[in-house]
Each structure stands twice: as C-alpha cells, then as structure tokens.
Amino acid sequence: MSASHRLSDKFMQDLLSDILNPLLQEIRADDTLLMGLRGSYISIYYRGGQLLKIEAGNDGYKVVFDQRYDPSDVLAGRLARHGCEDVLKRRLRSIDDAVTLVEILSELKRLMDRHKKVQTGLEREFQQVAARVNSRSKSSNSSHYFITDIEHKYGEARYDMLGVRWRRNIEHRDRKCLVPVLFEMKYGLDSLDGGSGMVEHLRTTLRHLKDEHFRSALTSNLEAQFNQLSKLDLLRYERGSSTEEFSPVDNHFQIVFVLAEYVPHSEKLSGILKRCDDLMAESARDFESAGLQVDLRFASASLCGYAMHERTMLTTDQVRTLLDAWSA
C-alpha cells in the first residue's frame, strides 16, 4: 500500500536544495519548530499548533496561516512594516520568496504566543517537546524511540504522536528495525477518563489494529516519514555515512500512553489500569490468531526529562508498583 503521507520527489528536492530550502534550514536551526509530512503538503508546528501549512501546486507552493491567531487584525500592518504585506497571499516560486517568509516567522510566532488557544493548550505543547527531545535533541541519539509525527490523521484515526521503537543492532541483522508506536498524550488528571479518556482511546486503537488495511497504511506512512525525515536531517541518530533506508518489523506494534503532570497522590489511575488490562485480554485471541504482538506501555522518565527508553516504558503491573510506592 502506498504511503499517503510521503512527500513527492519534487517536494523533497525543493526542500533539500531548491525553493523551500531556506524554510528547511530555519526548521533545522530553530528547535521550537517541527515539520509534519502530509503527502501533498507539510505542516510546520510551533508550541503544538500549526504555524504554517505549505501546500504543493502546479504554480509554486501555497502558504496558509490560520487567521484565527490574529483576532485583532494586526498582522497586515506588521507585515507592511517588513515591506512584504502580501507574503502570505502569494505562492512560493523562488528561494527569495522562501527567504522572505522565513524573515517574518517571528511575527507569526508572536501572534500565537499571545493567543488563548496556545496559552491553554499545554497538552499539545508537551507533545511537541516530547517529539523534539526524542527526534532532534542530543538525547535522541541515546533514546530508543523516535517521534515521526504529531497530530497524525489517517481516515477516522487520530493519534497525538506517531513514532518508532528503534531496535538496537543486537536485535536485528537487516534493515527491519522500526517497531511502529502509537502514542497518546494525556495532560493532567481530568484528561484520563471520560469519552476521550484513556480507556476509550485504547478501545479505539485496538479496533484499528485489528484492521489489516489500517496496519498496512500505518506501517507504510511510518516508514516513509522516518526515512524522509532522516534525509531532511530532522532526525538525529547514529547512522554514520550510511544512506540506506529502514523499514518496520513484521507484526509488532506498541501503544504508549504519555501521562503528563499526573498527581502522585491521586487514585484515579488505579481503576483505569484494570480496564486497560481487561481490554488487552479481550483482544489477545484476535491478535494471536493474526500473528500480531501488541504491547501496551506507559512512558516514564529516566529520573527527569522527556527522553524515552525501553527500560522506562512500564507495563500496567509496573505502573501499579510505582503507584503503591508513591502512596506508601
């Protein structure tokens, strides 16, 4: 199955060495920015929100900025002072056009910094920080997980983060070293239960993973995103001078909950863990008959931080042990 999120060769070339290269260079240099690959377009995220959408067309690239971040309609005047009032209205057709766009990114960031949606959207901001630490920071070179996308969408499926668990050299002898991982970020106690809480999310994810079409699309998109982000130098890991591409392992998936700002004395998680165990048990026979291994894990810190390691990915029993220690 083809990957719906893979950028075309032309799009990649324009990022690497042509029209869009100034934008790529800015994203590489600015660790507050994150690029999402969307097939016909790219999303550039800032503080968890979409700063820009750059969409391929027959006549250059269309630039989209969400005008809802400018409720007071001040952006036009600020761009006019830069001498480029129409920069968001015209298509990118040259490197100079992209340079002009890069020069006014600070104005767009300024609007987002002051918008209530960004100031209160801490879950998405934590999401982007986790993605950066496990993909582009110094820590990513020693962690076992890479985040290849945030706000990932495919059909009806919506996932906070998509990534891989990198199988170490001792675990593989070929290019199949990517275990697909579906991440769900929950910020604070109120997000853990209810209609969009952990149990319902797990129920939906297990249903998706039982669908062979979904699994095929997931692995295709993940493989494309990982390898294209590598070529764009937006993933940091030890690969030496190798230019080979990597692919997902067969029939192995992980579901990972990332619980930010959980309150140690709360008892809310205990009942949720039991229901998660029940859902995994109900699906075990279906996965076994399909030859699938599906792991449920909970991300925890290595003392303190966002880097994700295999040894700090906890099972439900290990989370219970941690909760017992906190309440002792």
Task: Taking the C-alpha atoms of the range 9-120, convex hull volume expressed per residue in Å³ - done: 96 Å³
- [ ] Please list the non-local residues whose amide H lies under 5 Å from the amide H of Y46, H modeled 1.01 Å from N, same-chain partners needing a gap of 5 or more.
- [x] L51
Open item on the list: Per DSSP helix of 4 or more residues, -39500 (n - 2.57); summed, then divided by the residues of the chain. What does that give at 222 nm, rounded to the nearest 500?
Closed with: -12000 deg cm²/dmol
Task: Options [x] 24.2, 84; [y] 20.8, 65; [z] 36.3, 129 - which one matches Rg and Dmax of the Cα atoms in Å as calculated here - done: [y]
Task: Separation between Cα centres of the range 205-227 and the range 2-28, rounded to whole Å - done: 23 Å
Open item on the list: Using 31 Å as the Cα-Cα cut-off, could you pick out the over-long pairs in K89/K117; K89/K186; K109/K186?
Closed with: K89/K186
TODO: Would you mind counting up the charge near Y41? Only other residues with Cβ under 10 Å from its Cβ, with Lys and Arg at +1 and Asp and Glu at -1.
DONE: +2
Task: 0 to 90° range, to nearest 10: angle between helix 268-289 axis and the chain longest Cα axis - done: 90 degrees
Task: Fraction of beta bridges assigned by DSSP in the chain that are antiparallel (%, nearest 5) - done: 70 percent
Task: Farthest toward positive dipole pole in the chain [+1 Lys/Arg, -1 Asp/Glu at C-beta], among A328, S230, S266 - done: S230
Open item on the list: Which trypsin sites (Lys or Arg not before Pro) in the range 22-106 sit in a loop by DSSP (not H, G, I, E or B) and have at most 16 other Cβ atoms within 10 Å of their own Cβ?
Closed with: K89, R90, R91, R93
TODO: Give me the distance in nm between label points sitting 7 Å out from Cα along the Cα-to-Cβ direction at K62 and Q318, one decimal.
DONE: 4.6 nm
Task: Overall form of the range 93-227 per C-alpha gyration tensor (a/c, 1.5; a/b vs b/c) - done: oblate
- [ ] Counting only GluC sites (Glu not before Pro) that are in a DSSP loop and have at most 15 other C-beta atoms within 10 Å, tell me the longest site-free stretch of the chain.
- [x] 1-84
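Read-outs: derived from the displayed coordinates by stated rules, not from any lab. If you're wondering where the values come from, they're calculated on a predicted model, not measured in any experiment. Please note: Cβ atoms are built from the backbone with ideal geometry, for glycine as well, and neighbour counts cover all protein chains shown.
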